[in-house]
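Here is the structure we will look at, set down as structure tokens.
The values are calculated or read from the model by the stated rules, or taken from the named source; none is laboratory data. The model shown is predicted, which means the values in this text are computed figures rather than measured ones. Every residue, glycine as well, gets a Cβ built from its backbone with ideal geometry; the counts of neighbours run over all protein chains shown.
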Amino acid sequence: MYSSMEQQQAEKVKCLIIGSGPAGYTAAIYAARANLKPVLYTGVEVGGQLMQTTEVENFPGYPDGILGPEMMTDLQKQAERMGTDIRFGYVTSVDFSGKLHKVVVDETTQIYAEAVIIATGASAKWLGLPSEQRLNGSGVSACAVCDGFFYRGMDVAVVGAGDTACEEALYLSNLCPKVHMLVRRDEMRASKIMQERVKAKSNILVHWNTETEEILGENTVTGVRVLNSRTNQTTEIPIQGFFVAIGHKPNTDIFKGWLDMDAEGYLLTKSGSSHTNVEGVFASGDAQDKIYRQAVTAAGSGCMAALDAERYLSHKEFMESHNWTAVSH
């Protein structure tokens, strides 16, 4: 629990937004229009995962598509035009034990907020290959739904063995003549029904006991070199697209011990809302969405969080003005 002296010395804000992806910027736009005077801290990865993508063709309002970084710049400018105070900084710890929510930025700056909107997103897990990062956005992707359209008519590979990898392979199988699925062991972790769906697709070729050694190509992906752990043989598979589907990690570690989350770290919200288990703290975007993970759904949940925050603050202000005890939502 923090002291009243700490609160007096620190900055107080009405609405604090943590994160600068589609969820954070959309929350900022709605919060600013509701006169909540939002302050947004961008985090280390300004703009979120879309900063690492090339063409975005599935976000409404861009008939000719748009580069991911350009779209995030547009969202940032819109949030700023509405009056959002956007600051570059990384939230390093929180304390949600009091009526005001304490947030520490860059381990030094203390902010006390009446409402907090979390939009910290999630990060794709990668294999850790230098070629994987070098070709990221030039044939390497962590989202088939986002980027698969660009590889229609081409051969691709998917690495992974869970439900997500199966879903990615199935999605790509409707666009690509051949999908190579690279599985490290001799079995999958995916549910039986997903495995059966993969096996039923004639253009999905599963490579068992297969590890990725290197993604080939200078400026774009031309193939992948794999090692069969059973035979110890190395093979090169010609492909034009390489999709990593080994999971995502929500960026929620700083909220452990304060907010309810599932075993993977995704924040839990009350059904049909962005409310967390702490009153006045709201979660949006990929930090709480393990199913859809799309820019447009993140933006939608950012809108929800801002509307929930506005209603919470209005209710709180009304109750305090009448010296009534606020009733939890």
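Would you be able to tell me the number of residues in the range 231-251 that are in contact with a strand residue (DSSP E or B) (Cβ under 9 Å, 6 or more places away or on another chain), in a loop (DSSP other than H, G, I, E, B) and not β-branched (Val, Ile, Thr)? Before the answer, list the steps.
Our first condition is that a residue be in contact with a strand residue (DSSP E or B) (Cβ under 9 Å, 6 or more places away or on another chain); within the range 231-251, this holds for 233-251.
Those still in the list that are in a loop (DSSP other than H, G, I, E, B) too: 239-240, 245-247, 251.
Cutting the leftovers down to not β-branched (Val, Ile, Thr) gives us 240, 245, 247, 251.
Final tally of qualifying residues: 4.
Of the residues in the range 120-141, how many are part of a strand (DSSP E or B) and surrounded by 21 or more Cβ atoms within 10 Å (Cβ to Cβ)? Qualifying residue count, the range 120-141: 3. Within the range 105-117, being surrounded by fewer than 20 Cβ atoms within 10 Å (Cβ to Cβ) and either touching a helix residue (DSSP H, G or I) at 6+ places or on another chain (Cβ under 9 Å) or of a type in the set (Asp, Glu) (or both) holds for Asp106, Glu107, Gln110, Glu114. Annotation: of all residues in the range 26-70 being of a type in the set (A, V, I, L, M) and farther than 22 Å from Cys15 by Cβ, the one that is surrounded by the most Cβ atoms within 10 Å (Cβ to Cβ) is Leu50. Applying the set (1) modelled with pLDDT of 90 or more; (2) closer than 26 Å to Cys143 by Cα to Glu57 leaves exactly one unmet item: (1). Restrict the check to the range 112-129 and report whether at least one residue is out of contact with any His (no Cβ under 9 Å at 6 or more places or on another chain) and over 28 Å from Lys256 (Cα atoms). Yes, the conditions are met somewhere in the range 112-129.
Condition check ((1) farther than 18 Å from Ala113 by Cα; (2) touching an Asp or Glu at 6+ places or on another chain (Cβ under 9 Å); (3) surrounded by 23 or more Cβ atoms within 10 Å (Cβ to Cβ)) across all residues:
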position	(1), (2), (3)
Asp286	yes, no, yes
Lys290	yes, yes, no
Ala295	yes, no, yes
Ala298	yes, yes, yes
Ala305	no, no, yes
Glu310	no, no, no
Ser314	no, no, no
Ser321	yes, no, no
Trp324	yes, no, no
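Matching residues to (1) farther than 24 Å from Val56 by Cα; (2) modelled with pLDDT of 95 or more; (3) hydrophobic (A, V, I, L, M, F, W, C):
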residue	(1), (2), (3)
Val156	no, yes, yes
Glu167	no, no, no
Val179	no, yes, yes
Ala190	yes, no, yes
Val198	yes, yes, yes
Leu205	yes, yes, yes
Trp208	yes, yes, yes
Glu213	yes, yes, no
